[in-house]
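Below: one structure, written as structure tokens.
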Amino acid sequence: MPHPAGPRYPWGQEAFDKARKENKPIFLSGNVPTFSEMGRAVWGEGLVSRGKVLWALRAPRGLEISFWSRWGPWAALSHLCCPICIPVGYSTCHWCHMMEEESFQNEEIGRLLSEDFISVKVDREERPDVDKVFMTFVQATSSGGGWPMNVWLTPNLQPFVGGTYFPPEDGLTRVGFRTVLMRIRDQWKQNKNTLLENSQRVTTALLARSEISMGDRQLPPSAATMNTRCFQQLDEGYDEEYGGFAEAPKFPTPVILNFLFSYWLTHRLTQDGSRPQQMALHTLKMMANGGIRDHVGQGFHRYSTDRQWHVPHFEKMLYDQAQLAVAYSQAFQISGDEFYSEVAKGILQYVSRSLNHRSGGFYSAEDADSPPERGSRPKEGAFYVWTVKEIQQLLPDPVQGATEPLTSGQLLMKHYGLTEAGNISPSQDPNGELQGQNVLTVRYSLELTAARFGLDVEAVRTLLTTGLEKLFQARKHRPKPHLDSKMLAAWNGLMVSGFAVTGAVLGIDKLINYATNCAKFLKRHMFDVASGRLKRTCYAGNGGTVEHSNPPCWGFLEDYTFVVRGLLDLYEASQESSWLEWALRLQDTQDRLFWDSRGGGYFCSEAELGSGLPLRLKDDQDGAEPSANSVSAHNLLRLHGFTGHKDWMDKCVCLLTAFSERMRRVPVALPEMVRALSAHQQTLKQIVICGDPQAKDTKALLQCVHSTFVPNKVLILADGDPSSFLSRQLPFLSTLRRLEDRATAYVCENQACSMPITEPCELRKLLRQ
């Protein structure tokens, strides 16, 4: 059956040629968020005002459009649409699904799209370059951005109108999608030349605005100054009670937590030096206790719709799990509190159980929506919420020893805040889909719950664990949310880091094996040996096979940077030098394809791949995912530490210098790059362990390093073989000797090494100085 909106083309020459031939605008559509330039974020459809978002589209006279949409903060935007109508979104985007149902499947709206526009649909996860260019336009010409992103383009791919979510029909405070389409259609027919002139002016302005270059600068800014300003900006927005850095909605933002931990390490001996640590640990604890965490099946949802981390937007993204596993592992390194290590293990348990393909790769996401019952209409959160009646039926057993009559269900409901009427406010449920339902969120400590009923703390822990397991088994019988079985190189690179770092910190070889299998998957299925290039995507096929599009979708900058970081983390966790060698090869390819030899830094896409786009951008915001340029700065420093190759240090300096103005203006928008700037100006530690990789004393020294929070370091195993890869890269390794034939550690900085150390406790003291 044909789609009501007529054919929707993929981003490509066929659609562009058709638009030129028929003299129609392109409608580009899709969905997703990032981190805004001003350090605020919009998750979904725009800037939030009391749970809604006001969009004002600045367009030529006759096309002024304003409307409300619903979404959240700490993420930014990059999509666009023109006389070609292109929806940009992603598979698990709730509001993309809403617009599909309300507008794209509407017969009258479908007729307008089919007759007057060339419709192009883009998955921003497959084409982040398209998403980023047009989101830049939407942000620049409206009050925000988000997903779904809808942009109208000229046949020459220049945007002239853009927005995010549109309701199908006009309301009291907003213009409907049908009205928008008719206004654009009429203006295209009556004032086409004016539209083209305005579009050209906007494109020219965006080119100037988006330029990132070294210019006349020779060196990057002071790390101390950027660190202080970034922390001050975060401190001003910090929520003392619930953690996090916004009122609502709230996003996890691991890049900010990473910055706070690193900032704490260098300032811990100063007055108020513990504050950044406290901010990060408190935020992580409140998140883990809140409804943003799936207490039944583990893993984290995308974001919280409220200040308390209580009611989430329920989709689960792979990139969140990967980064949060590292953040919770670091929290355990710093605090020694096993609460954080248990959360990290829970995240990876969820990923390995629900998102793991048999080839070793990991799927992208699980949807927020699912049918409450088979055959019914999907609703957001249906898979994850509970009624009191369900809990009572599943957990009827009496609890022995309590000071009052109590069932295990009543105990669980008290601890996790479930009520008969449901614990979700109507303001957080605008569509009325969650009435009478509850989101599990920890309301009391184990100690308080135990004291309330006169029970032993360990007995309560056991009862709650058993109860959650019964809920997990019952939940298996519910219709599951849609699984986005697309596998992305970038996000799998993040997942390599997640498993490798957590496995190393906690000393769990099984987790490191998952990282190794994922790296093997990337090399087997997403790497083209002949060209040395990465592929962006592959898909789960029938019978556990892996399928690719034809022609393949080649990798973007983030694919290389995240995979390289994952391989460096995997080398340090496993001491398998083959992963380090591959990382060097990929970095060489990244430099060849994306490096800006004139202005410094890396472009997000290859010149040839993005040749039809009006802009070639450099990612300059750390948001839900870190900027690829920020990660590249860290990678270049680490690669220099592993190899001594001066070219990579020079590139790092050029990159940091090119982003100087961005960091000076809004350092909180680039916390990951500010961390890299600090690492560069403080110099990395080269921690060398001389010993037999299989010997107990070698493993003890390695585990000492892994269990200590030392963010600015490279860890090198020197096994005494002068022909090994690292010995060829770093000749000074051959001068380092074992002391009394025992595994021996050296900590080297600025081409000078410490005295030899054989005891883990002495090494830990040195690393903590």
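The values are calculated or read from the model by the stated rules, or taken from the named source; none is laboratory data. On a predicted model such as this, the values are computed, not experimentally measured, just so you know. Positions of Cβ are generated from backbone atoms using ideal geometry, with glycine treated the same way; all protein chains shown enter the neighbour counts. Side chains are part of the model used for accessible areas, which takes the heavy atoms of the whole protein and leaves out ligands, DNA and RNA. Shrake-Rupley method; radii C 1.70, N 1.55, O 1.52, S 1.80 Å.
Local charge for residue 573 was computed over the other residues whose Cβ lies under 13 Å away, with Lys and Arg +1 and Asp and Glu -1, and equals -1.
Whenever you get a sec, compute what percent of the accessible area on the range 384-477 sits on carbon and sulfur atoms (1.4 Å probe). Of the solvent-accessible surface of the range 384-477, carbon and sulfur hold 53 percent.
For the range 191-250, GluC sites (Glu not before Pro) meeting the loop criterion (DSSP other than H, G, I, E, B) and having at most 16 other Cβ atoms within 10 Å: 211, 240, 241, 247. Calculate, for residue 447 and residue 752, the FRET efficiency according to 1/(1 + (r/R0)^6) with r their C-beta to C-beta distance and R0 45 Å; round to the nearest 0.05. Computed FRET efficiency for residue 447 and residue 752 comes out at 0.35. Take every Cα pair under 8 Å whose residues are at least 6 apart in sequence, average their separation, divide by the length of the range 379-531, and the relative contact order is 19 percent. Computed about the Cα centre, the dipole magnitude for the range 384-477 is approximately 120 debye when only Lys and Arg (+1) and Asp and Glu (-1) carry charge, each at its Cβ. Counting only Cα atoms, the size of the range 84-214 along its three principal axes is 50, 38, 28 Å, in decreasing order. For the chain, the solvent-accessible area of protein heavy atoms averages 38 Å² per residue (probe radius 1.4 Å; ligands and nucleic acids excluded).
The relative contact order of the range 687-768 comes to 40 percent, based on Cα pairs under 8 Å that sit 6 or more residues apart. Residue-normalised convex hull volume from the C-alpha trace of the range 384-477: 92 Å³ per residue. Computed 3J(HN,Hα) for the range 261-278, one whole-Hz value per residue from the Karplus formula 6.51 cos²θ - 1.76 cosθ + 1.60 where θ = phi - 60°, is 5, 5, 5, 4, 4, 8, 10, 5, 8, 8, 4, 6, x, 7, 4, x, 5, 4, glycine and proline marked x. Considering every Cα-Cα pair within the range 687-768, what fraction, in whole percent, is farther apart than 17 Å? Taking all Cα-Cα pairs of the range 687-768, the fraction more than 17 Å apart is 40 percent. Between residue 509 and residue 216, the FRET efficiency estimated from the beta carbon spacing at R0 = 60 angstrom works out to 0.70.
For 632, 754, what's the largest-to-smallest order of accessible area, 1.4 Å probe?
Details: 632 0, 754 30 Å².
Order by accessible area, largest first: 754, 632.
The helix-based estimate of mean residue ellipticity at 222 nm for the chain, built from -39,500 (n - 2.57) per DSSP H run of four or more residues and divided by its residue count, is -14000 deg cm²/dmol to the nearest 500.
Over all other residues within a Cβ to Cβ distance under 10 Å of residue 372, the charged ones net out to +2, with Lys and Arg as +1 and Asp and Glu as -1.
The value of relative contact order for the chain, using C-alpha pairs under 8 Å at least six residues apart, is 12 percent.
Using a simple spin-label model with pseudo-atoms 7 Å out from Cα toward Cβ, residue 404 and residue 339 lie 2.6 nm apart. Label sites at residue 241 and residue 461, each approximated as a point 7 angstrom past Cα along Cα to Cβ, lie 3.0 nm apart. In this structure the amide hydrogen of residue 307, modeled in the peptide plane, comes within under 5 Å of no amide hydrogen from residues 5 or more places off or on another chain.
Scoring 284-295, 145-156 by mean Cβ neighbours within 10 Å over their residues and listing the highest first yields 145-156, 284-295. In order along the range 99-111, the Karplus-derived 3J(HN,Hα) couplings, from 6.51 cos²θ - 1.76 cosθ + 1.60 at θ = phi - 60°, round to 5, 4, 5, 6, 10, 5, 9, 7, 4, 5, 5, x, 5 Hz, and Gly and Pro are given as x.
Think of each Lys and Arg Cβ as +1 and each Asp and Glu Cβ as -1; about the Cα centre, that makes the dipole of the chain roughly 760 debye. Beyond 23 Å in Cα-Cα separation lie the following of the pairs 486/523; 24/121; 250/480; 345/535; 345/389: 250/480; 345/535; 345/389. From most to least packed by mean Cβ count within 10 Å, the peptides 623-629, 318-324 give 623-629, 318-324.
Quick one: length gained pulling residue 469 to residue 661 fully straight, 0.36 nm per residue minus the C-alpha distance?
Length gained, residue 469 through residue 661: 64.0 nm.
Spin-label pair residue 700-residue 739: with each label point 7 Å from Cα along the Cα-Cβ axis, the two points sit 1.3 nm from one another. Note on residue 435 and residue 520: with the Förster distance fixed at 60 Å, the Cβ-Cβ geometry gives a FRET efficiency of about 0.80. Shown for the range 623-769: the carbon plus sulfur share of the solvent-accessible area, taken with all protein chains present and a 1.4 angstrom probe, equals 50%.
Counted residue by residue at 0.36 nm each, then reduced by the alpha carbon distance between them, the extension gain from residue 105 to residue 233 reaches 41.6 nm.
To the nearest 10, the accessible area of residue 403 is 100 Å² with a 1.4 Å probe.
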